[in-house]
Amino acid sequence: MTAIFVDGDACPVKAETFRVAERYELVVTVVGNSWLRLPDHPLFKMIVVPEGPDVADKRIVDLIERGDICVTNDIPLAARCLEKGALAIRPDGRAFTESSIGDVLATRDLMTSLRETGAITGGPAPFGPRDRSRFLSALDTMVHAARKVR
């Protein structure tokens, strides 16, 4: 059965993820460095990992399987999930894919370098209602795709 893993720290679409998962009766595992209150539902669980670089990411990669879904903004985590045959989606509804992950990683590295040199000082656009709506639709579509992979 397809499961959904959420990179829980700073994920703005946990509620939307729970809605979709409840509709399809999917297990959702939220992984983070601190405890988060989840809806009281037998399919939803929280894993708290120790503080440290990429500890939550490593736990997700250890648990995720082919045909599962990862909700994250973390590009290296998404790449590792794709390597395991899982699917990955950003909170704004954009899917990470095998064909796009190389470009996404390269762009991330370029932007990091530009920020470090001071050439770019701004961050991403604010997260809004359109992003939530796009995420709901994209996650619903991804659940159907994941079931075919399984």
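No value in this document is a laboratory result; all are computed from the given coordinates. Keep in mind that what you see is a predicted model, and the values were worked out from it rather than measured. Methodologically, a virtual Cβ is constructed for each residue, glycine included, from the backbone with ideal geometry; neighbour enumeration extends over all protein chains shown.
Report yes if some residue within the range 67-78 is more than 15 Å from residue 138 (Cβ to Cβ), surrounded by 14 or more Cβ atoms within 10 Å (Cβ to Cβ) and of a type in the set (A, V, I, L, M); otherwise report no. Yes, there is a match, as at least one residue in the range 67-78 is more than 15 Å from residue 138 (Cβ to Cβ), surrounded by 14 or more Cβ atoms within 10 Å (Cβ to Cβ) and of a type in the set (A, V, I, L, M). When the residues of the range 20-70 are filtered to those that are acidic (Asp, Glu) and at positive phi, which remaining residue is farthest from the chain's Cα centre (by Cα)? Filtering first and then ranking leaves 25. Counting only residues that are closer than 25 Å to residue 131 by Cα, out of contact with any strand residue (DSSP E or B) (no Cβ under 8 Å at 6 or more places or on another chain) and not aliphatic (A, V, I, L, M), the range 13-60 holds 8 of them. For the range 1-16, filtered to residues that are under 10 Å from the mean Cα position of the chain (by Cα) and of a type outside the set (D, E, K, R), the residue that is surrounded by the fewest Cβ atoms within 10 Å (Cβ to Cβ) is 11.
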